[in-house]
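> Take a look at this one; I'll ask things after.
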Amino acid sequence: MPADFNGYWKMVSNDNFEEYLKALDVNVAVRKIANLLKPDKEILQNGDHMIIKTLSTFRNYIMEFDVGKEFEEDLSGVDDRKCMTTVSWDGDKLLCVQNGEKEGRGWTQWIEGDEMHLAECRRALASVEIRTLIKYLRGIILPDFRSIDSLDTVSTTRSTSN
């Protein structure tokens, strides 16, 4: 049985991201902004149908696909390219191959305990970015006062004292 990626995931680390963006020829201004972000991921998985939302204060990116079926991916919110993408299961890991302008591009995503790991790579230049995200469950109050009430909703609450 494939892994269950359902949930809201908050980034705790992001290693080698600038080098990965350089390998994709992302311009320096976008790279600098991207390095300041700590995007969250919301994943909705129903069998082999997946919706992966990458959420940040700068821009959001939504990827919807069926595992094992090639689709055209519009990366205009990421690096302004389009590619033909196939995501498949490799045991409990998701393996993505993106064929397009940048050869050897893709990612692998897997879960270890309460952490989800995402390794994005551009093989021609051997750059690999590793992100570690931790899963938040419903009803948990986060340290920055955000409350996750459901997988679909993130509401902001602040307490004030007089």
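> Percent relative contact order of region 1-47, based on C-alpha pairs within less than 8 angstrom and at least six residues apart?
Across region 1-47, relative contact order equals 65 percent.
> Viscosity 1.306 mPa s, temperature 10 °C: what is the translational diffusion coefficient of region 1-132 from Stokes-Einstein with a Kirkwood Rh over Cα pairs, rounded to a whole number of µm²/s? It would help to have the intermediate numbers written out before the result.
Values: Rh = 15.1 Å.
The calculation lands on 105 µm²/s.
> At a 1.4 Å probe radius, carbon and sulfur cover how many percent of the accessible area of region 18-128?
Numbers: 2890 of 5850 Å².
C and S fraction of accessible area: 49 percent.
> Taking +1 at the Cβ of each Lys and Arg and -1 at the Cβ of each Asp and Glu, which of C83, N46, I62 sits farthest along the dipole of region 38-88 towards its positive end, judged by Cα position relative to the Cα centre?
The one lying farthest along the dipole's positive direction is I62.
> Let me ask another. Which of K93/K135; K32/K69; K22/K69; K38/K93 have a Cα-Cα distance over 27 Å? The partial results should precede the final answer.
Details: K93/K135 17 Å; K32/K69 34 Å; K22/K69 29 Å; K38/K93 23 Å.
Flagged as over cut-off: K32/K69; K22/K69.
> Residue by residue through region 94-109, which ³J(HN,Hα) values in whole Hz follow from phi under the Karplus form 6.51 cos²θ - 1.76 cosθ + 1.60 (θ = phi - 60°), with glycine and proline marked x?
8, 10, 10, 10, 10, 9, x, 4, 9, 5, x, 9, x, 7, 10, 10
The values are calculated or read from the model by the stated rules, or taken from the named source; none is laboratory data. All figures in this text were calculated on a predicted structure; none of them were measured in a lab. A quick note on method: Cβ atoms are made from the backbone with ideal geometry, for glycine too, and the neighbour counts reach across all protein chains shown. Accessible surface areas use protein heavy atoms only, side chains included; no ligands, DNA or RNA. Shrake-Rupley method; radii C 1.70, N 1.55, O 1.52, S 1.80 Å.
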